[in-house]
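Engineer: What follows is a single structure, and I will ask about it in a moment.
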Amino acid sequence: MPRTLRGAQVVLRPTDPSDIPVLAAIRAKPEVHARWRGGEDLVAAVREDLAEPGAEHLSIEYGGALIGMIQWAAEEEPDYRHASIDIYLDPAVHGRGLGTDAVRTLARHLIADHGHHRIVIDPAADNAAAIRCYGKVGFRPVGIMRSYERGPDGTWHDGLLMDLLAEEITEAP
């Protein structure tokens, strides 16, 4: 059962169905929709995300307000065991270190409480802000995944595979 995690600035708590309208409104913002998409019915898209088998979803709160969602999944094959993370935040709170705090808080949990030695994240290769955010936690670029995802314009775009080993996680400044 997912539990509530407390970062330096944010609280990560299990996502509740009552969060769906706010998360859909965040996903509708152009900066988020460009990366996460979801079609015309973003309420349905968020519901689908929450129903995804094997994924754990946590709502991100700051100052008592819902500002985004972070999710993780695990590869459980013993010889390849690792976790992966995805996140989106309301653009109104970008630039405050909240994404870094959320990613660091979840990464610590995955290492300490789930025993993961490696975590991966895969931002779009042109998403400089996300790459900087993940780098502050200790994620390192592994390589470009060419033509990794289709964009809303129908063309293929590169992704950047980044990983974090347990001993590389950074402390908050």
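The values are calculated or read from the model by the stated rules, or taken from the named source; none is laboratory data. All values derive from a computational prediction rather than experimental measurement. Glycine also receives a Cβ, built like all others from the backbone with ideal geometry; neighbour counts cover every protein chain displayed. What goes into the accessible areas is simple: the full protein's heavy atoms, side chains included, and nothing from ligands, DNA or RNA. Shrake-Rupley method; radii C 1.70, N 1.55, O 1.52, S 1.80 Å.
Engineer: I need a count of the residues in the stretch 110-129 that are touching a helix residue (DSSP H, G or I) at 6+ places or on another chain (Cβ under 8 Å) and open to solvent by 80 Å² or more (accessible area, probe 1.4 Å).
Structural biologist: 1
Engineer: Looking at this structure, is ARG132 assigned to a helix (DSSP H, G or I), open to solvent by 40 Å² or more (accessible area, probe 1.4 Å) and modelled with pLDDT of 95 or more?
Structural biologist: Here the answer is yes, as ARG132 does meet what is asked.
Engineer: Given the residues GLY97, GLY68, which is the only one that is open to solvent by 20 Å² or more (accessible area, probe 1.4 Å), among the small types (Gly, Ala, Ser) and farther than 18 Å from LEU161 by Cα?
Structural biologist: Criteria check complete, one pass: GLY97.
Engineer: Further question: How many residues does the stretch 26-40 hold that are without any contact (Cβ under 8 Å) to a residue 60 or more places away in the chain and among the charged types (D, E, K, R)?
Structural biologist: Number satisfying all stated conditions: 1.
Engineer: Turning to a different aspect of this structure: Which residues, counting only those in the stretch 98-129, are over 13 Å from the mean Cα position of the chain (by Cα) and either outside any helix (DSSP H, G or I) or without any contact (Cβ under 8 Å) to a residue 24 or more places away in the chain (or both)?
Structural biologist: Selection gives ALA112, ASP113, HIS114, GLY115, HIS116, HIS117, ARG118, ALA125, ASP126, ASN127, ALA128.
Engineer: Looking only at the stretch 16-27, count every residue that is surrounded by 15 or more Cβ atoms within 10 Å (Cβ to Cβ) and over 23 Å from LEU106 (Cα atoms) and tell me the total.
Structural biologist: Here the count works out to 1.
Engineer: Here's another thing I want to ask about it. What's the number of the condition LEU66 fails, among (1) closer than 21 Å to VAL46 by Cα; (2) within 12 Å of the chain's Cα centre (by Cα)?
Structural biologist: (2)
Engineer: List pairs: first in the stretch 3-25 and within 14 Å of ALA65 (Cβ to Cβ) and touching a residue at least 24 places away in the same chain (Cβ under 8 Å), second aromatic (Phe, Trp, Tyr) and surrounded by 17 or more Cβ atoms within 10 Å (Cβ to Cβ), Cβ under 7 Å, 6+ apart or cross-chain?
Structural biologist: GLN9/TYR62; VAL10/TYR62
Engineer: Picking from ARG13, ARG35, ARG47, ARG6, which residue would you name as being open to solvent by 30 Å² or more (accessible area, probe 1.4 Å) and at pLDDT below 95? It would help to see each step written out before you state the result.
Structural biologist: Working: ARG13 fails: at pLDDT below 95; ARG47 fails: at pLDDT below 95; ARG6 fails: at pLDDT below 95.
Going through ARG13, ARG35, ARG47, ARG6 in turn, just one is open to solvent by 30 Å² or more (accessible area, probe 1.4 Å) and at pLDDT below 95: ARG35.
Engineer: Considering only the stretch 150-173, how many residues are of a type outside the set (Lys, Arg), in a strand (DSSP E or B) and either open to solvent by 60 Å² or more (accessible area, probe 1.4 Å) or more than 21 Å from GLU75 (Cα to Cα) (or both)?
Structural biologist: Here the count works out to 3.
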